[in-house]
1. Could you do me a favour and compute the accessible area per residue for the stretch 67-162, 1.4 Å probe, result in Å²?
2. Trypsin sites (Lys or Arg not before Pro), restricted to the stretch 83-146: which are DSSP loop and have at most 15 other Cβ atoms within 10 Å?
3. How big is the charge dipole of the stretch 132-192 about its Cα centre, in debye rounded to the nearest 20, if each Lys and Arg gets +1 on its Cβ and each Asp and Glu gets -1 on its Cβ?
4. Largest first, how would Glu12, Glu4, Glu47 line up by accessible area (1.4 Å probe)?
5. What accessible area, in Å² to the nearest ten, does a 1.4 Å probe give for Cys93?
6. In percent, how large is the relative contact order of the stretch 132-192, given Cα pairs closer than 8 Å and 6 or more residues apart?
7. At 1.4 Å probe size, what's the solvent-accessible area of Val106? Round to the nearest 10 Å².
8. Provide Ile122, Ile176, Ile154, Ile90 ordered by accessible surface of protein heavy atoms (probe 1.4 Å), highest first.
Amino acid sequence: MARERGQLVFLEGLKSAVDVVFQAQKEPHPLQFLREANAGNLKPLFEFVREALKPVDSGEARWTYPVLLVDDLSVLLSLGMGAVAVLDFIHYCRATVCWELKGNMVVLVHDSGDAEDEENDILLNGLSHQSHLILRAEGLATGFCRDVHGQLRILWRRPSQPAVHRDQSFTYQYKIQDKSVSFFAKGMSPAVL
């Protein structure tokens, strides 16, 4: 329904990537960098994002503050893009979404934990420095547990606050259930109590 109203634009990356690589494109495509020899230019992808965020005169009430969701930015690294090009892309998206349109961005990045993956580390560190809220889901350092599946670390940066209250950090443990997730403070699992 949101797509019909012009409130949702979705780019199916995997399907589009296959189309770009194996089919001739009649017009520019957001993922055309996959066909180019110097795959360092994400400008077409940014142009797609900017065009998608333009207000639509459809008579419907439009959303005032857009949200850009990027599900797995680290895929761009796997497709051959450098971390600096990906960070530039995010910088331009952030300038458009957050500053011009007063919206928000939500970006998912996978941390493989591989110490030799420098590009992924550069991407993670670059995004961390730009973010106001960082949610990091990870397994337990002690290994598998039947009653606790992992922990969620939350770092909330508020640049407008005094230095003492600027950064707040929280850690919660969680258990994944059939159709929900239970969160609790460290050491406060129902199984322990």
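The values are calculated or read from the model by the stated rules, or taken from the named source; none is laboratory data. Quick caveat: nothing in here was measured; it's all calculated off a predicted structure. A quick note on method: Cβ atoms are made from the backbone with ideal geometry, for glycine too, and the neighbour counts reach across all protein chains shown. Ligands, DNA and RNA are stripped out before the accessible areas are found, and what is left, the full protein with its side chains, is counted by its heavy atoms. Shrake-Rupley method; radii C 1.70, N 1.55, O 1.52, S 1.80 Å.
1. I get 63 Å² per residue for this part.
2. Qualifying residues, ordered by number: Lys102, Arg146.
3. Numbers: 9 positive and 4 negative charges, 34 e Å.
It works out to roughly 160 debye.
4. So, going from the largest accessible area down, we get Glu4, Glu12, Glu47.
5. Estimated to the nearest 10 Å², Cys93 gives 0 Å².
6. 28 percent
7. 80 Å²
8. Numbers: Ile122 75, Ile176 95, Ile154 35, Ile90 5 Å².
Descending accessible area places them as Ile176, Ile122, Ile154, Ile90.
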